[in-house]
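First the structure, in the form of structure tokens, and then the observations on it.
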Amino acid sequence: MARRTITTWLKTWQRKYCAFTFGLAVLALVVGLAVLLVTFWLAYVVIVLGMEGISAGSVLLSGKQVGLSHGWRLTLGLAFIVLLFMSAARADREHPLQPRSENFKSRDLAFLSGRLRAELSIVAHPIGSARMISFWLCMGPRWVFGSARLFSRSLRLLRLQSQTLGPVLEFMTSKPSSVSKDELLQAFPRLLWADLVSDLALIDGILFLNADMTRLTLSDSLRELLA
């Protein structure tokens with residue numbers, strides 16, 4: 001594929017993938033906000049029910065009712081959402097798994113059958129259950145964080161320098177194997193390596209072969225497409 005053709009392909013791919021990524025970002029944001037709204041009102045209901053129980057206990061013990069105003073319930077609900085964002089920001093992105101079989105004691109085997117399996121599993125493995133509950137409660141913030149990353153990626157794609165990367169892709173296509181950082185900088189001395197790596201990392205099919213990203217190649221599918 002000639003240089004102009006590669007550059008034209010890159011511009012077309014850039015527009016399509018940027019629009020696709022932006023669309024995913026908007027969708028993730030909408031879903032995240034919807035989940036956050038549901039989570040907020042669930043927290044609000046829990047606060048109301050909890051205060052009802054506390055008030056009933058207070059009446060039995062001292063004859064006095066206690067309660068929270070609507071404003072305080074909203075404030076506590078918002079504080080709960082903020083805590084979820086803080087938890088999601090530092091939490092592991094992986095779905096928490098059920099406790100491994102080697103962690104089960106012999107008496108735990110009885111928990112694996114019967115109608116109360118789920119309930120007994122929560123009691124038997126409180127830490128794993130707490131992580132599972134935390135994962136689902138943090139689903140809204142995770143969607144929002146994912147949306148932010150997608151927005152950032154779409155912005156980077158929008159700023160992609162197709163005229164600069166076209167010749168680089170042509171050079172890499174001409175090589176039968178991988179190319180090194182020194183080879184690319186020798187062929188394109190005006191390019192900054194950090195900016196080049198950042199842009200190339202956005203393109204599907206660019207493979208970095210070591211941790212310091214100083215040697216890279218094209219995947220077979222991308223090489224066939226550009227050939």
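Every number in this text was worked out from the coordinates using simple rules, so none of it is lab data. Here the structure is a predicted model, which is why all the values come from computation and not from measurement. Positions of Cβ are generated from backbone atoms using ideal geometry, with glycine treated the same way; all protein chains shown enter the neighbour counts.
Note on region 161-226: dipole from Cβ charges, positive end direction compared against THR164, SER180, ILE206; the farthest Cα belongs to SER180. Compared with the direct C-alpha span, the chain from SER198 to ALA34 gains 55.7 nm at full extension, assuming 0.36 nm per residue.
As an exercise, use a Förster radius of 22 Å and the Cβ-Cβ distance of SER69 and VAL45 to find the FRET efficiency, rounded to the nearest 0.05. Given R0 = 22 Å and the Cβ-Cβ separation, E is 0.85.
Approximating the spin labels as points 7 Å out from Cα along Cα→Cβ, the THR12-to-ARG156 distance works out to 2.5 nm.
Shape of region 161-226 from the C-alpha gyration tensor: rounded (a/c under 1.5, with a ≥ b ≥ c the square roots of its eigenvalues).
Modelled spin labels at VAL82 and LEU61, positioned 7 Å past Cα toward Cβ, are 2.8 nm from each other.
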